[in-house]
1. Could you tell me which of the residues 18, 34 is crowded, with 23+ Cβ neighbours inside 10 Å and among the hydroxyl-bearing types (Ser, Thr, Tyr)?
2. Can you give me the number of residues within the stretch 108-163 that are more than 22 Å from the chain's Cα centre (by Cα), small (Gly, Ala, Ser) and either part of a helix (DSSP H, G or I) or at pLDDT below 80 (or both)?
3. Which of the residues belonging to the stretch 177-199 are β-branched (Val, Ile, Thr), in a helix (DSSP H, G or I) and either within 12 Å of the chain's Cα centre (by Cα) or at pLDDT below 85 (or both)?
4. For residues that are touching an Asp or Glu at 6+ places or on another chain (Cβ under 9 Å) and either at pLDDT below 75 or among the charged types (D, E, K, R) (or both), scanning just the stretch 207-261, find the one that is farthest from residue 30 (Cα to Cα).
5. Going by what's in this entry, would residue 48 be described as within 21 Å of residue 175 (Cα to Cα) and buried (at least 22 other Cβ atoms within 10 Å of the Cβ)?
6. Of the conditions (1) in a helix (DSSP H, G or I); (2) at pLDDT below 80; (3) loosely packed, with under 14 Cβ neighbours inside 10 Å, residue 62 clears all except one; give me its number.
Amino acid sequence: MTSSIFLGLLIGIVMGLTGAGGGILSIPALVLGTGMGMVAAKPVALAAVGLGSAIGAADGLRLGHVRYKAALYMVLLGVLFSPIGQWAAHQVPAAFLAILFSAIMLLVAWRSWKKPSRAQAAHSYERDVPCKLNPDTGKFSWTPAHFTTLGLIGATTGLMTGMLGVGGGFFIVPMLQRYSNLTQQSIVVTSLAVIALVSGSTVLQMLLAGHSDIVPSGWIFVIATCVGMVFSRMVVARVPTLWSKRGFAVLVLLATVLLLLKTFAPGLIALS
């Protein structure tokens with residue numbers, strides 16, 4: 001129980017500070033810290049990420065930072081593609097999923113550690129990007145390029161959510177940073193809105209289909225994650241963005257190493 005509380009708090013704080021990392025850290029945290037298997041950990045991670053993200057998104061919506069039309073469009077594509085990811089997850093060995101998951105985590109750690117370039121840091125109306133805010137209205141201009149870009153982001157998020165049990169924020173955040181001129185604050189809470197809806201719908205599908213169940217220790221983890229999210233939203237303005245990104249990169253790298261050891265060399269590490 002203690003490990004579920006501590007890990008849940010940590011996941012909620014990381015997710016609130018970065019707009020990502022909940023799903024990608026929740027599964028290895030549950031597998032390594034509580035002894036759950038990959039399959040059992042997926043619905044717990046999704047429930048924690050979904051509820052925690054909803055809290056962060058609600059705070060951003062209250063402040064007017066969530067781009068809710070863009071979020072709903074990405075969610076629609078994510079929900080449509082999530083069942084395909086769930087089907088694919090049952091067609092491949094668990095070891096393959098662990099390798100794929102670890103490869104994605106290493107890519108996320110590398111991208112998170114890098115210091116953003118001036119072009120990436122400059123979220124101005126002048127940036128030449130497909131998802132661009134109209135300087136007169138402050139809203140997105142829904143061009144064909146905008147529809148296509150957000151659609152691809154949403155579809156890929158849904159596939160990863162269904163296959164790997166991750167919320168997709170680690171993909172949404174860097175994609176919006178690269179292909180939109182939103183502020184970092186708006187990117188974080190818009191990402192949380194997408195994660196909340198896609199993760200929530202996916203875990204609901206899994207539970208209704210009878211493929212998964214959430215054990216009592218899993219619900220403790222979910223509640224602790226929500227508490228961590230509330231705390232992080234209270235202090236996020238005081239934490240430098242680069243610090244939170246690099247701290248996130250270190251945590252992801254550590255989780256990757258431990259997950260690979262647990263999968264392929266269980267005798268070297270006693271975490272169950």
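The values are calculated or read from the model by the stated rules, or taken from the named source; none is laboratory data. None of these values were measured; they are calculated from a predicted model. Here Cβ is always computed from backbone atoms with ideal geometry, including for glycine, and neighbour counts include all displayed protein chains.
1. Exactly one residue qualifies, and that residue is 18.
2. Residues in the stretch 108-163 being more than 22 Å from the chain's Cα centre (by Cα), small (Gly, Ala, Ser) and either part of a helix (DSSP H, G or I) or at pLDDT below 80 (or both): 6 in total.
3. Scanning the stretch 177-199 gives 188, 189, 190, 194, 195, 198.
4. 233
5. It is false that residue 48 is within 21 Å of residue 175 (Cα to Cα) and buried (at least 22 other Cβ atoms within 10 Å of the Cβ).
6. Checking residue 62 against (1) in a helix (DSSP H, G or I); (2) at pLDDT below 80; (3) loosely packed, with under 14 Cβ neighbours inside 10 Å, the one that fails is (2).
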